[in-house]
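Any read-out appearing in this document is the output of simple, stated calculations on the displayed coordinates, not a laboratory observation. Every value quoted in this text rests on a predicted model; they were computed, and no experiment measured them. Reconstructed Cβ throughout: ideal geometry from the backbone, glycine too, with neighbour counts over all protein chains shown.
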Amino acid sequence: MALSARNHLKGEITEVILGTVTALITVKVGDNVVESVITKRSAEEMGLKKGDKVTAVIKATEVMIQKG
């Protein structure tokens, strides 16, 4: 599948918190953590669970950079 997003971060799900409508997915990428809020339905349809190997695909119009 071709994507316009350039940032593909491979990692492992460390936590899935299902809410009423949304789900918080926490992914460990190296020494860092990326969190994503997706629909609960998408999380359930994908069968996302702790320990799953996933790729966080980031398409952002605003990315902050910090030096130091």
Lysine-lysine proximity count for the chain, Cα under 12 Å, sequence distance 8 or more or distinct chains: 4
Pairwise label distance in nanometres, Ser36 with Met1, each label 7 Å out on the Cα-Cβ vector: 0.9 nm
Largest-first principal axis extents of the Cα set of the chain (Å): 37, 27, 22
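Note down the magnitude of the dipole of the chain about its Cα centre, charges +1 on Lys and Arg C-beta and -1 on Asp and Glu C-beta and zero elsewhere, to the nearest 20 debye. Could the numbers behind the result be given before it?
Details: 10 positive and 8 negative charges, 30 e Å.
With Lys and Arg at +1 and Asp and Glu at -1, about 140 debye.
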Label-point separation, Val16 to Ile65 (7 Å along Cα→Cβ), nm: 3.6 nm
Selected from Glu12, Glu35, Glu44 as most flexible by GNM, with the chain as the system and alpha-carbon contacts under 10 Å: Glu44
